[in-house]
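Visitor: Could you have a look at this structure, given as structure tokens, before my questions?
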Amino acid sequence: MRGMPDAEDVRRVALALPDTTEKIAWNMPTFRVAGKMFATVPEDETSIAVRCPKEERDELALAEPEKFWIADHEAQFAWVRVRLSALEDEGELHDILADSWRQAAPPRLLDSHPELGLPTAD
């Protein structure tokens, strides 16, 4: 395994997901599926912000505070921050991005890409 994922890995993994485009917004890269944002790489590029249902998000932040946290300005939205340095590998990065992608993707894309279905338990 080659070190922790970085912003370039985020870009490569996100853009490999179906129908994903990159657009600069708020001076940072954002990744969208069918026009709906599912990930951003904030300024310092040490973390990503992804979609996450609020209940799950709160549990993640409590269970793994070294990896997940909730940014103040995103608290009212269903988004969570992920520290790239805390990720085990690119596989975990892919799972997190794919999970967020699923929440933003329209049904037609979900139907045509069953391999991006819910992650399987190890």
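Visitor: Would you mind calculating the relative contact order of the chain from Cα pairs under 8 angstrom and at least 6 residues apart, reporting the percent as a whole number?
Guide: Numbers: 186 pairs, mean separation 32.4, N = 122.
Relative contact order, the chain: 27 percent.
Visitor: Further question: Is the shape of segment 35-88 rounded, prolate or oblate, going by the alpha carbon gyration tensor and its root eigenvalues a ≥ b ≥ c, with a/c under 1.5 for rounded and a/b larger than b/c for prolate?
Guide: Working: a/c = 1.64, a/b = 1.02, b/c = 1.60.
Oblate shape, in that a/c is at least 1.5 and b/c is the bigger or equal ratio.
Visitor: For a quick check of understanding: with a 1.4 angstrom probe and all protein chains in place, what accessible area in square angstrom does MET4 have, to the nearest ten?
Guide: Result for MET4: roughly 100 Å² accessible.
Visitor: Please list, ordered by chain and number, the residues whose modelled amide H lies under 5 Å from the amide H of ASP19; skip anything fewer than 5 residues away on the same chain.
Guide: When sequence neighbours closer than 5 places are left aside, there are no close amide H contacts.
Visitor: Which whole-number value in Å² is the accessible area per residue of the chain, probe 1.4 Å?
Guide: Roughly 57 Å² per residue, with all protein chains present.
Visitor: In whole percent, how big is the carbon plus sulfur part of the accessible area of the chain, probe 1.4 Å, protein atoms only?
Guide: 55 percent
Visitor: Evaluate E = 1/(1 + (r/R0)^6) for LEU110 and ASP72, where r is the Cβ-Cβ distance and R0 equals 22 Å; express this FRET efficiency to the nearest 0.05.
Guide: Details: r = 32 Å, r/R0 = 1.43.
Using R0 = 22 Å, I get an efficiency of 0.10.
Visitor: Another question about this same structure. Using a 1.4 Å probe, how large is the accessible area of ASP9, given in Å² and rounded to the nearest 10?
Guide: Probe radius 1.4 Å; accessible area of ASP9 about 10 Å².
Visitor: Between [x] 42, 35, 26; [y] 56, 37, 24; [z] 37, 35, 35, which matches Cα extents along the principal axes in Å calculated for the structure shown?
Guide: Read-out from the structure maps to [z].
Visitor: Let me ask something else about it. Using DSSP to define loop residues, name the GluC sites (Glu not before Pro) in segment 13-122 whose beta-carbon has at most 12 other beta-carbon atoms within 10 Å.
Guide: GLU43, GLU66, GLU88
Visitor: While we're looking at this one, here's another question. Take each uninterrupted DSSP H stretch in the chain, measure its Cα extent along the helix axis, and return the ones at 20 Å or beyond whose mean Kyte-Doolittle hydropathy is at least -1.0. Don't skip to the answer; put the middle values down first.
Guide: Details: long enough: 90-104 (21 Å, -0.77).
Helices passing the filter in the chain: 90-104.
Visitor: Now a separate question. Between ARG11 and LYS54, what is the label-to-label distance in nm when each label sits 7 Å out along the Cα-to-Cβ direction?
Guide: A separation of 3.5 nm, rounded to one decimal place.
Visitor: Output the relative contact order of segment 2-62, whole-number percent, from Cα pairs under 8 angstrom with separation of 6+ residues. All intermediate terms of the calculation are to be shown ahead of the outcome.
Guide: Values: 63 pairs, mean separation 12.3, N = 61.
Over segment 2-62, the number comes to 20 percent.
The values are calculated or read from the model by the stated rules, or taken from the named source; none is laboratory data. Just so we're clear, the structure is a prediction, and the values are computed from it rather than from any experiment. Ideal geometry is used to build each Cβ from the backbone, glycine not excepted, and the neighbour counts take in all protein chains shown. For the accessible areas, the whole protein counts, side chains as well, though only heavy atoms, and no ligand, DNA or RNA atoms are used. Shrake-Rupley method; radii C 1.70, N 1.55, O 1.52, S 1.80 Å.
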